[in-house]
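Participant: Questions regarding the structure given below will be posed in turn.
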Amino acid sequence: MHKLLAVSLFAIVLVSGCKKKEVPGQVAAPSTAPTAVAPAATPPLDPNNIVSIAAGSKDHTTLVAALKAADYVTAVANPGPLTVFAPTNAAFDKLPPGTVEQLVRPEKQADLKEIIKYHATTSVYEAKDLKDGMTLGMANGAKVAIKVAPDGKITVNNANVVASIRASNGVVHVIDAVLLPPAK
């Protein structure tokens with residue numbers, strides 16, 4: 001019951017954190033809120049959801065550890081729709097030494113949650129939907145900038161999208177850098 005309440009509260013925070021201002025070049029997220037469901041077991045029962053895909057990747061063990069430390073496994077395994085920009089282990093390795101170890105400490109959970117929420121939005125954006133100059137409102141209320149080069153190479157802020165994987169609850173765009181939210 002406590003986990004169901006936590007998932008419901010996360011869904012409300014996730015949806016309310018996405019501002020719906022109309023800005024030229026910005027794509028507004030659909031107004032459908034994620035549906036709260038019974039908590040998923042760890043690992044999630046759906047082998048095709050975003051968390052299961054990340055958990056099955058040898059290149060995303062740090063991301064999965066961060067999701068666990070932030071207590072966001074169930075939230076990211078929810079039915080969605082979600083788009084997650086998933087940094088690889090090598091992306092986390094580019095951060096200053098000790099950063100990841102500090103962020104997974106219990107007293108840093110709020111900071112870690114902000115970073116994780118800056119990697120997700122409550123809509124599905126396939127690679128073909130990402131357009132040059134587009135901005136996306138992320139789950140923490142901040143925005144990311146999308147650039148598409150003439151050769152089709154996609155970047156989100158300064159991170160390159162190196163792969164895209166469709167999941168049962170959205171899409172995962174694998175990126176080569178960790179997105180750090182702007183200071184508030």
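The values are calculated or read from the model by the stated rules, or taken from the named source; none is laboratory data. In this text the structure is predicted, and so the values were computed from the model without any measurement. FYI the Cβ positions are ideal-geometry reconstructions off the backbone, even for glycines, and counts take in every protein chain you see.
Participant: Would you say residue 98 is more than 15 Å from residue 50 (Cβ to Cβ), surrounded by fewer than 16 Cβ atoms within 10 Å (Cβ to Cβ) and touching a Gly at 6+ places or on another chain (Cβ under 7 Å)?
Facilitator: no
Participant: Tell me, which residue of the range 154-167 that is over 16 Å from residue 133 (Cβ atoms) and free of Cβ contacts under 8 Å to residues at least 24 places away in the same chain is surrounded by the fewest Cβ atoms within 10 Å (Cβ to Cβ)?
Facilitator: The selected residue is 163.
Participant: Consider residue 121 against the criteria (1) at pLDDT 95 or above; (2) closer than 22 Å to residue 92 by Cα; (3) polar (S, T, N, Q): it satisfies all of them except one. Which criterion is unmet?
Facilitator: Tallying (1) at pLDDT 95 or above; (2) closer than 22 Å to residue 92 by Cα; (3) polar (S, T, N, Q), residue 121 fails exactly one: (1).
Participant: For the range 115-172, give me each residue that is in contact with a helix residue (DSSP H, G or I) (Cβ under 8 Å, 6 or more places away or on another chain) and among the hydroxyl-bearing types (Ser, Thr, Tyr).
Facilitator: Scanning the range 115-172 gives 122, 164.
Residue by residue, here is whether (1) without any contact (Cβ under 8 Å) to a residue 40 or more places away in the chain; (2) of a type in the set (Ser, Thr, Tyr); (3) exposed (fewer than 15 other Cβ atoms within 10 Å of the Cβ); (4) not in a helix (DSSP H, G or I) holds:
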position: 59; (1), (2), (3), (4): no, no, no, yes
position: 78; (1), (2), (3), (4): no, no, no, yes
position: 84; (1), (2), (3), (4): no, no, no, yes
position: 124; (1), (2), (3), (4): no, no, no, yes
position: 139; (1), (2), (3), (4): no, no, no, yes
position: 147; (1), (2), (3), (4): yes, no, no, yes
position: 152; (1), (2), (3), (4): yes, no, yes, yes
